[in-house]
Amino acid sequence: MVTNSGENAMDSDITSKLNQLDIISLKDGLTGLWNKKYLSDKVDDFVGGERNSGVLFIIDIDEFAKINEEYGHIMGDACLVRLAGVLSNSFRDRDIASRISADEFGVFLVGNLTYKDINSISGKLLNAAKESFAGMKLDRDFTISIGIAKSPANGSDFLSLYRKAVEALSHSKQNGKNSFTIADEDYAKNKVMNTSADMEIVKHLISEKNKPMGAYQVEYEGFKHIFQFISRYSARKETNLEIILFTISKQDGNMIDSLTLSEAMFDLENIIKVSLRIGDVATKYSSCQYLVMLIGADKINHEDVVKRVINNYSKFADKYKIVVKYDIDYQLLQEEK
């Protein structure tokens, strides 16, 4: 039987690329760590089996919002990357380090660890994080706090362990931060449904962490869902809504090169974010356009909003030799009679 080696090589290459895409989809884009889905799936697979001993660390940066407020989001992202590096270097290859959301990280340590082991690992992790942040030469010290849950003592699935670890993390925060807390072992309580605790964990999972000032930034699909929700809400109560589309283009009418376009849109995004109210919504619509939703638009002058964005962006427009144009669609969303 004769095989086509060229086709086999192509099939192998395609399979390899698909596998790479699968891995990329489970990685956090900023830090390179695994994402929350990968962590939760792996924890559930492991602790649900016969060899279900393991420890879940939930870690976040103390007063992370102040880093963003005082030094900017670029420095905030740099701190997240720093902490990700610390986690990657502090645990074994078989352990799973992930970024769960914003400045919240999770690490699952496989196997039966003693309290002495956990205390030692936690102490070293606190010191390593503090030293890494100190290397950024900020004018104040930043630290982390840790909450820890053990399986099977604190649960035999990701959500149960996460709930206990978050509770322990709250104790670390209340006790002065830069510390770790190990959840109490209570097998009996693990078998009883605690709806109050479940509600607290749900609120923790869905709440916005370290709420920034300015417009709410979302992906385009999220923008559409918010618009549709406001449209439904208007069936009960009149709601004024304006959509503004900002478009950037070259002053001379030529195409903007890709590098300039990327930098110009990045700066436009930040200007829009700080120029709008915290209840407004913004999203990138295309490679050269940004879409803004003003909710409760009857309470503001949309021309003032546009002028504020354009004036705040003027130095960047001059820098990139571009102009900003805009279109406005005003809508009064109300119940159809």
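Where a number appears in this text, it was derived from the coordinates with a stated rule and is not lab data. Worth saying up front: this structure is predicted, and the values here are computed from it rather than measured. Every residue, glycine among them, receives a Cβ derived from its backbone with ideal geometry; neighbour counts consider all protein chains shown.
How far apart, in nanometres, would the label points at T114 and R232 be if each is projected 7 angstrom from Cα along the Cα-to-Cβ direction?
5.5
Could you pull out every residue, at least 5 positions away or on a different chain, whose amide H is within less than 5 Å of the one on Y216? Hs are placed 1.01 Å off N in the peptide plane, and Pro or chain starts have none.
Those qualifying (amide H under 5 Å, at least 5 residues apart or on another chain) are D280, V281, A282.
Give me Rg over Rh for segment 254-331, both radii from the alpha carbons and Rh done the Kirkwood way, two decimal places.
On the way: Rg = 12.8 Å, Rh = 13.2 Å.
Radius of gyration relative to Kirkwood radius: 0.96.
In sequence order, what are the phi-derived ³J(HN,Hα) couplings for segment 74-91 according to the Karplus relation 6.51 cos²θ - 1.76 cosθ + 1.60 with θ = phi - 60°, rounded to whole Hz, with x for glycine and proline?
Values per residue, Gly and Pro as x: 5, 5, x, 4, 4, 5, 4, 5, 4, 5, 4, x, 4, 5, 4, 8, 9, 10 Hz.
Per residue of segment 28-44, what does 6.51 cos²θ - 1.76 cosθ + 1.60 with θ = phi - 60° give for ³J(HN,Hα)? Whole Hz please, x for Gly and Pro, Karplus curve as stated.
Going residue by residue, I get 7, x, 7, 9, x, 7, 5, 8, 4, 4, 4, 4, 5, 5, 5, 5, 4 Hz, with x marking Gly and Pro.
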